[in-house]
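Below: one structure, written as structure tokens.
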């Protein structure tokens, strides 16, 4: 347990450092537009709502731009995000099965508790068998951060950083209806509040990728399907007076955040903050970037 | 030889110190008896019985979070997040000086991480950080119940207001060790709360949380014990005329202060803000959001007594009402009922 926590903390520190190095806090062209949402500022225009063509199957291109961290840190106004490719949909059980078959060390009965706690891939029938055919095309859940990372590496990809994931999530939603700004915040919050029951209700119906929602970049089901692992999931030190992580918990969180009405984003940060790298839960999957 | 003697003295001295420190706890806390018990937890309106203890002991509190759909009014449901499956959460009763060991479990099927902030805890966050629990995990932490009184507990995971508005709250009563509450005929657990929905009062079906109404502090419902009518009709509280009643009343808010009042009687004792100050002969007692109070009264004559928030539109239009029904012989020396009725022709 301790070993695992240390590993994940180290990872987080490295990841946090990595982000810091790409920070461009003093971008002069942006400074005057502090109160304009980065997406509005940087992606308003003719190409905004047209998914960018991607040469990578199953991935869409996210254009470069600036991301203002949700939890503000002194001296960092915005982070420059370089263009990257993101999986259009969360990784499915069928895809994860291919990985496990090619890498038997990641099978349920072989994996060390340091890398994934009890419950890893618990919905599968056996080590190399999903069992329920309808599960195949649904997002894989009950996988640890270590497993998600190993999958990404095997695919020649990686996990997105918090900044990349949240930056991608800024794009307006275009399906099932158009929503941006406050309307989008309300919609996402509604989807989150239904996430659990929807999964249960639709457990028997086919639920292929890209069925719930899609954003202007062509990314599907970012919201309301499953939570998603990110590379630096627990690297955010949410500000609080005591210097501990209480900011994730109490009212102080609002003081240090970009937008205290964005409850859906608070939920994502709280969820990430609660995790250890070997955790598996029924609502937590992932997607990759490149 | 001298050196050896000296080291013996050192040993003796440190042993003496050790014994002294064992006999008297360095922080001045009452020594634990070594006994322990698992706290009996109850759903509203039931209050667990007081437990006689020979001294301060360890009390284990097992709380499990359940995210469940429950009725908030006739035909209207809401997806609550709960401590123990009901709204309000379980009532916990301990004695001052007890070491309370909290086990908070969050099932793997939960959507959210959760935590618990006990207002009875002396420590940062009231235990919030120590109990921050991802789905599929259990957290354990302990605290000494230093202060007697009636205290709120609630979830403290961001966004905190939504975790609270969605049902994650309850009460813990820390009984004073030296002067416990006097025996009464009935004890009940009542918790006032607001529910903020995008739909209107009276709408049916699954209701969604409304952040706009919550921020504007304009609830759709103001209720006792989680739902409109939770203590009306078949689920009203029943007592006998002449009996004494104690209510442990909490107000989680999240926004509104409660003007707690029972129509047709006075509180003999009102434990102001749930603490040690006792007021007498009180008509309406104020309970701030995140606060609690204990009221004691005697129901003198039979009839139906309405518990209300005397900010009265809340009682009439938003659901803040519950009934205590007293049966038994009339006492016309105290209350006559209508004695006479006649035409009036004056101006």
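The values are calculated or read from the model by the stated rules, or taken from the named source; none is laboratory data. This structure is a prediction, so every number in the text was calculated from the model and none was measured. Counting neighbours? That spans all protein chains shown, and the Cβs are built from the backbone with ideal geometry, glycine included.
Counting just the residues of the stretch B:107-126 that are under 15 Å from the mean Cα position of the chain (by Cα) and touching a residue at least 24 places away in the same chain (Cβ under 8 Å), which one comes out surrounded by the fewest Cβ atoms within 10 Å (Cβ to Cβ)?
Restricting to residues being under 15 Å from the mean Cα position of the chain (by Cα) and touching a residue at least 24 places away in the same chain (Cβ under 8 Å), the top hit is B:119.
Tell me yes or no: at least one residue of the stretch A:226-249 is modelled with pLDDT under 85, within 11 Å of chain B (Cβ to nearest Cβ), surrounded by 24 or more Cβ atoms within 10 Å (Cβ to Cβ) and part of a loop (DSSP other than H, G, I, E, B).
The answer is yes; a qualifying residue exists.
What is the residue count in the stretch B:37-76 for residues that are out of contact with any helix residue (DSSP H, G or I) (no Cβ under 8 Å at 6 or more places or on another chain), part of a strand (DSSP E or B) and in contact (Cβ under 8 Å) with a residue 40 or more places away in the chain?
16
Has the stretch B:182-190 got at least one residue that is within 14 Å of chain A (Cβ to nearest Cβ) and either within 30 Å of residue B:326 (Cα to Cα) or modelled with pLDDT of 95 or more (or both)?
Checking the stretch B:182-190: not a single residue is within 14 Å of chain A (Cβ to nearest Cβ) and either within 30 Å of residue B:326 (Cα to Cα) or modelled with pLDDT of 95 or more (or both).
For the stretch B:272-281, state whether one or more residues are buried (at least 18 other Cβ atoms within 10 Å of the Cβ) and at negative phi.
Scanning the stretch B:272-281 turns up no residue that is buried (at least 18 other Cβ atoms within 10 Å of the Cβ) and at negative phi.
Kindly list the number of the only condition in (1) part of a loop (DSSP other than H, G, I, E, B); (2) within 14 Å of chain A (Cβ to nearest Cβ); (3) surrounded by 24 or more Cβ atoms within 10 Å (Cβ to Cβ) that fails for residue B:104.
The single condition residue B:104 does not satisfy is (1).
Condition test on residue B:140, is it surrounded by 22 or more Cβ atoms within 10 Å (Cβ to Cβ), touching a strand residue (DSSP E or B) at 6+ places or on another chain (Cβ under 9 Å) and not assigned by TED's automatic domain parsing to the domain that holds residue B:293?
No, not satisfied.
Pick from B:294, B:324: which is touching a helix residue (DSSP H, G or I) at 6+ places or on another chain (Cβ under 8 Å), modelled with pLDDT of 95 or more and under 25 Å from residue B:221 (Cα atoms)?
Among B:294, B:324, only B:294 is touching a helix residue (DSSP H, G or I) at 6+ places or on another chain (Cβ under 8 Å), modelled with pLDDT of 95 or more and under 25 Å from residue B:221 (Cα atoms).
What are the residues in the stretch A:83-104 that are over 25 Å from residue A:219 (Cα atoms) and either in contact with a helix residue (DSSP H, G or I) (Cβ under 9 Å, 6 or more places away or on another chain) or within 14 Å of chain B (Cβ to nearest Cβ) (or both), if any?
Correct list: A:100, A:102, A:103.
Which one of these is over 23 Å from residue B:105 (Cβ atoms), at the interface with chain B (Cβ under 8 Å from one of its Cβ atoms) and either within 16 Å of the chain's Cα centre (by Cα) or modelled with pLDDT of 80 or more (or both): A:261, A:265?
A:261
Looking only at residues in the stretch B:299-329 that are farther than 23 Å from residue B:187 by Cα and touching a residue at least 24 places away in the same chain (Cβ under 8 Å), which one is surrounded by the fewest Cβ atoms within 10 Å (Cβ to Cβ)?
This residue is B:317.
Consider only pairs whose beta carbons are under 7 Å apart and that are at least six residues apart or on different chains; among these, list those whose first residue lies in the stretch B:226-241 and is in contact (Cβ under 8 Å) with a residue 60 or more places away in the chain and not assigned by TED's automatic domain parsing to the domain that holds residue B:299 and whose second residue is crowded, with 20+ Cβ neighbours inside 10 Å and part of a loop (DSSP other than H, G, I, E, B).
none
Have a look at B:12, B:29, B:17 and point out the one that is in a loop (DSSP other than H, G, I, E, B), surrounded by 10 or more Cβ atoms within 10 Å (Cβ to Cβ), at pLDDT below 90 and outside the structural domain of residue B:206 (by TED's automatic domain parsing).
Among B:12, B:29, B:17, only B:29 is in a loop (DSSP other than H, G, I, E, B), surrounded by 10 or more Cβ atoms within 10 Å (Cβ to Cβ), at pLDDT below 90 and outside the structural domain of residue B:206 (by TED's automatic domain parsing).
Kindly provide the set of residues from the stretch A:38-65 that are modelled with pLDDT of 65 or more and buried (at least 20 other Cβ atoms within 10 Å of the Cβ), ordered by number.
Result: A:59, A:60, A:62.
Scanning for something surrounded by 15 or more Cβ atoms within 10 Å (Cβ to Cβ), within 23 Å of residue A:159 (Cα to Cα) and touching a strand residue (DSSP E or B) at 6+ places or on another chain (Cβ under 8 Å), does the stretch A:100-114 turn up at least one residue?
yes
Within the set of pairs 6 or more residues apart or between chains, which connect a residue that is farther than 18 Å from residue A:281 by Cβ and more than 9 Å from chain B (Cβ to nearest Cβ) inside the stretch A:180-202 to a residue that is in a helix (DSSP H, G or I) and modelled with pLDDT of 75 or more with Cβ atoms less than 8 Å apart?
Partner pairs satisfying both residue conditions: A:188/A:264.
Please verify whether residue B:129 is part of a loop (DSSP other than H, G, I, E, B), surrounded by fewer than 19 Cβ atoms within 10 Å (Cβ to Cβ) and free of Cβ contacts under 8 Å to residues at least 60 places away in the same chain, treating the condition exactly as stated.
No, not satisfied.
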